[in-house]
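Chemist: Starting off with a structure, shown below.
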Amino acid sequence: MNSHDVLKNSLDMGDMVCMSYLEDLSDDELMMRPHAECNHLNWQIGHLIAADYQMISGCCPDALPALPEGFVQKYEKENAGNNDPSAFCSKEELLTIHKQQREATKALLDGLSAEDLDKPSPESMQSYAPTVGAAINLLGAHWLMHAGQWVVVRRQAGKPIVI
């Protein structure tokens, strides 16, 4: 197994766990919060997509398809407290955008050399992802960081244990 395989595995593991948790949740359930002081799942998913896009675009400009107009703004921190579903994307839209972004990230990874992965990330990312490879690795882990909250929502919604 080489570094590319490890990075793909990290992306795939994050997707497998997260998509399993999201698969049977409705749009209404994505507006649920695991706690009053936590962000609803819809906002979290949009935040993750926007963060993925910003990290990869910071390291490899123009490597990913553009996000829909206004997407990043919908999922800025200032909107995390908004409980109006019409202010956000539907589950179907979110998962479609995520799939497009993830496929483009994997295609990008296929074209990067080991030396490319070792290149420094932008200065603004140095504290948490010092290299291009570290930034790509963080994508799967970042989704998993949020997935624990999704389990709480699943329990609140009476959904079965999936993992």
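Chemist: Could you give the distance between the Cα centres of the stretch 92-111 and the stretch 33-69, to the whole Å?
Modeler: 12
Chemist: Please order 116, 84 by the number of other Cβ within 10 Å, starting at the fewest.
Modeler: Values: 116 15, 84 8.
The most exposed by this proxy come first: 84, 116.
Chemist: Amide H of residue 131 versus every other amide H placed in the peptide plane: which residues, excluding those fewer than 5 positions away on the same chain, fall under 5 Å?
Modeler: 121
Chemist: By a straight-distance test (C-alpha under 19 Å), which lysines pair with residue 8 as possible cross-link partners, with residues fewer than eight away in the same chain excluded?
Modeler: Straight-distance partners of residue 8: 99, 106, 119.
Chemist: Can you give me the convex hull volume of the Cα atoms of the stretch 1-126, divided per residue and expressed in Å³?
Modeler: 123
Rule-based calculations on the coordinates, nothing more; no lab input. Model, not experiment: these values are computed from the prediction. No Cβ is skipped: glycine too gets one built from the backbone with ideal geometry, and neighbour counts run over all protein chains shown.
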